[in-house]
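Nothing in this text is a laboratory measurement; each read-out follows from the coordinates by a stated rule. Predicted, not measured: the structure shown is a model, and the values here were computed from it. FYI the Cβ positions are ideal-geometry reconstructions off the backbone, even for glycines, and counts take in every protein chain you see.
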Amino acid sequence: MEKKILSRQYLETLSTADLISISEDYGIDVPDNLNRTFIIGELLATEEELSQEKSKDDVILTDKDVSIQDELPETYNDTTVGLILRNPAWIFVYWDIKETDLNFLRKNPQFDSLFLHIAFFENEEDETSSDSFDVKVNFDERQQYILIPSNKKIVMADLVYSLKGESPKVMAFSRKVHIPAENPEITNIQPGKEIIMTDLERLSGMKELLYTHYNNYRQSFSI
């Protein structure tokens, strides 16, 4: 039988057999020859109890109910670095440095620099990079967008520090991330070169994007 919201008016329209059937659905044990009035009363009492329990479970938390402790911390006190590919031209690098490492670097008189080493690979299994460059960062930074050269296949980032007179030391490294292949017609665009675009490329705003990109990041173009 289809379950409905129970009310006295609705229950009184049912036969005794239907009332007993509903009682069984609610887990109510109905003795033989029990007056239907008592059956209806038991059903209404059970329905009210279930509604009250459901109301307790459906409490909606407001901003005042959420403790500050429930917010994400600024740091997890671990030295890590991660990399996300925004698009074939930009990567987003984020990192964290645990307190003991920070104290070591801050108080070390031989400290020279902290930087991200961005390395590129031709194949996933390659251990030696085909190209790389460094981006200097400071102790207060935790993230940065980085423009990468064209025609690269795989990229990864190392968090590195250097001490005066010593070789740089890697503190943490990201996983290798594959870069989607670019359209060669877009990759080979040069300033002053005529751009032949399809109607779809024009509608996408590609021409305006290239113009803005060249004005702001023209060092990435091979002239």
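A few notes on this one:
- Label-zone membership for region 87-101, site Val135, 7 angstrom Cα→C-beta point, backbone N under 12 Å: 87, 89-95
- The calculated FRET efficiency for Thr80 paired with Ser150, based on their beta-carbon distance and R0 = 35 Å, is about 0.75.
- Gained length - Arg202 relative to Ser15, 0.36 nm times residue gap less alpha-carbon distance: 60.1 nm
- Neighbourhood charge, 14 Å Cβ-Cβ cut-off, centred on Phe121 and excluding it, Lys, Arg +1 and Asp, Glu -1: -3
- Förster radius 25 Å - calculated FRET efficiency between Gln52 and Arg8, Cβ distance, rounded to 0.05: 0.90
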